[in-house]
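All remarks here apply to the structure that follows.
Values quoted throughout were computed directly from the atomic coordinates according to the rules given, and no laboratory measurement underlies them. What you see is a predicted model; the values in this text were computed from it and never measured. Cβ atoms come from the backbone with ideal geometry, glycine included; neighbour counts cover every protein chain shown.
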Amino acid sequence: MNIRLDPNATVRIPCPACGEKTEQTVATLEQAPRLRCPKCGTLMKVDARKILDRVKEAEAKAREQKRW
């Protein structure tokens, strides 16, 4: 099953250097997967596949919790 994220959904990306969270849309991250931290200037590469995998994991956990 091929799941796609809503291109208008926003994702908060934490900076690996300082922890500051940057918010971007899925569409922006797909087109330009690199962004610069507004606080410390660290260049970050964002992997859209990892984001999708985490969304799938969160959905599976939510389904599991609903069973209880």
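Taking the options R67, R34, R54, name whichever one is touching a Lys or Arg at 6+ places or on another chain (Cβ under 8 Å) and charged (D, E, K, R). So that I can check it myself, show each step before the final result.
Working: R67 fails: touching a Lys or Arg at 6+ places or on another chain (Cβ under 8 Å); R54 fails: touching a Lys or Arg at 6+ places or on another chain (Cβ under 8 Å).
Just one listed residue meets the conditions, R34.
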Matching residues, region 38-56, being surrounded by fewer than 13 Cβ atoms within 10 Å (Cβ to Cβ) and not acidic (D, E): P38, C40, G41, L43, K45, R49, K50, R54, K56
Residues being closer than 22 Å to E57 by Cβ and surrounded by 15 or more Cβ atoms within 10 Å (Cβ to Cβ) - total across region 16-29: 5
